[in-house]
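Q: Questions regarding the structure given below will be posed in turn.
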Amino acid sequence: MAGVQPPPLRSLDDFLLTSARFAVPDVRDLDRWNHRIINNLLYYQSNYFLSALILLLTVGYMRPFQLLVGGVVVTVLFLGFVWAAENQAPIRRYRRNHPSISVFAILLVSYLFISVLGGVAVFLFGIAFPILMVLVHASVRLRSLKNKLENKLESIGLKRTPMGILLEALGQEQEAGS
């Protein structure tokens, strides 16, 4: 993790308010939509982390044990998927060719495990809802010039960020900065 730089927290004005521009993505051009999501994930990662943390803390305050169980299940399944993708060529190809399906598969299997253990509502509101919120914002937020510049720095390796490492683990490193 040496050389990893946490990105700055973007202003609320840039993230959501007056200077933010939103548009429904063109669902017919999946590559362009995927690039928009990845680049917004990289640029707004601190804002997304803070938003998800606030939701997690709210749910954790109401149901701490169930949230802990849900977090452990999702983390173990995610790490297992990353390990399998690194060691099995067919899984690696599938992860690279179908990143959205891979993430949803991890969430679905997590949901099934947690439903067996109890705490389905905690999973939905504490873990899946923040992820959904982040993906919706990343899908509809249009990129600015500053966003594009920051993503280029990330893609050529001048800056390494936590979201860049996560996207690399999901097989999306070639997409970043496009």
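Q: Given the criterion more than 17 Å from the chain's Cα centre (by Cα) and more than 16 Å from G126 (Cα to Cα), identify the matching residue among A84, A105.
A: A84
Q: When you scan region 1-33, how many residues do you find that are among the basic types (K, R) and within 21 Å of F49 (Cα to Cα)?
A: To start, the set of residues in region 1-33 that are among the basic types (K, R) comprises 10, 21, 28, 32.
Of the ones still in play, those that are also within 21 Å of F49 (Cα to Cα) are 10, 21.
Of the residues in that region, 2 qualify.
Q: Does L41 qualify as being closer than 19 Å to P162 by Cβ and in contact (Cβ under 8 Å) with a residue 60 or more places away in the chain?
A: yes
Q: Here are some residues: S46, S102, S51, S19. Which one is of a type in the set (S, T, N, Q), at negative phi and not in a helix (DSSP H, G or I)?
A: Step by step, each of S46, S102, S51, S19 is checked, and only S19 is of a type in the set (S, T, N, Q), at negative phi and not in a helix (DSSP H, G or I).
Q: Scan (1) farther than 30 Å from D13 by Cβ; (2) open to solvent by less than 60 Å² (accessible area, probe 1.4 Å) for the single condition L112 breaks and write down its number.
A: (2)
Q: Return the pair list, or none, for Cβ contacts closer than 7 Å from residues in region 1-30 that are of a type outside the set (S, T, Y) to residues that are open to solvent by 70 Å² or more (accessible area, probe 1.4 Å) and not in a loop (DSSP other than H, G, I, E, B), at least 6 apart or on different chains.
A: Close Cβ pairs satisfying both conditions: G3/R160; V4/R160; Q5/R160; L9/L50; P25/W33; D26/R32; D26/W33; V27/W33.
Q: Go through (1) surrounded by fewer than 12 Cβ atoms within 10 Å (Cβ to Cβ); (2) outside any helix (DSSP H, G or I) and name the single condition D31 misses.
A: Unmet for D31, out of (1) surrounded by fewer than 12 Cβ atoms within 10 Å (Cβ to Cβ); (2) outside any helix (DSSP H, G or I): (2).
Q: Another one. Select, from V140, V136, V109, V103, the only residue that is in contact with a strand residue (DSSP E or B) (Cβ under 6 Å, 6 or more places away or on another chain), under 22 Å from A52 (Cα atoms) and modelled with pLDDT of 80 or more.
A: V140
Q: A further question follows. Could you please let me know if E154 is among the acidic types (D, E), out of contact with any Phe, Trp or Tyr (no Cβ under 7 Å at 6 or more places or on another chain) and either modelled with pLDDT of 70 or more or open to solvent by 20 Å² or more (accessible area, probe 1.4 Å) (or both)?
A: yes
Q: Looking for whichever is touching a residue at least 24 places away in the same chain (Cβ under 8 Å) and among the hydrophobic types (A, V, I, L, M, F, W, C) here; the options are V136, V116, V103. Which one fits?
A: Criteria check complete, one pass: V103.
Q: Sticking with this one: Can you tell me which residues in region 27-51 are under 14 Å from K148 (Cβ atoms) and among the basic types (K, R)?
A: Of everything in region 27-51, those that are under 14 Å from K148 (Cβ atoms) and among the basic types (K, R) turn out to be R32, R36.
Q: Something else now. Within the set of pairs 6 or more residues apart or between chains, which connect a residue that is over 15 Å from F104 (Cα atoms) inside region 72-85 to a residue that is open to solvent by less than 40 Å² (accessible area, probe 1.4 Å) and at pLDDT 85 or above with Cβ atoms less than 6 Å apart?
A: Close Cβ pairs (under 6 Å, with a partner that is open to solvent by less than 40 Å² (accessible area, probe 1.4 Å) and at pLDDT 85 or above) do not exist here.
The values are calculated or read from the model by the stated rules, or taken from the named source; none is laboratory data. If you're wondering where the values come from, they're calculated on a predicted model, not measured in any experiment. Because the Cβ atoms are built from the backbone with ideal geometry, glycine has one as well, and the counts that use them run over all protein chains shown. Please note that ligands, DNA and RNA were not included when accessible areas were found on the heavy atoms of the full protein model with its side chains. Shrake-Rupley method; radii C 1.70, N 1.55, O 1.52, S 1.80 Å.
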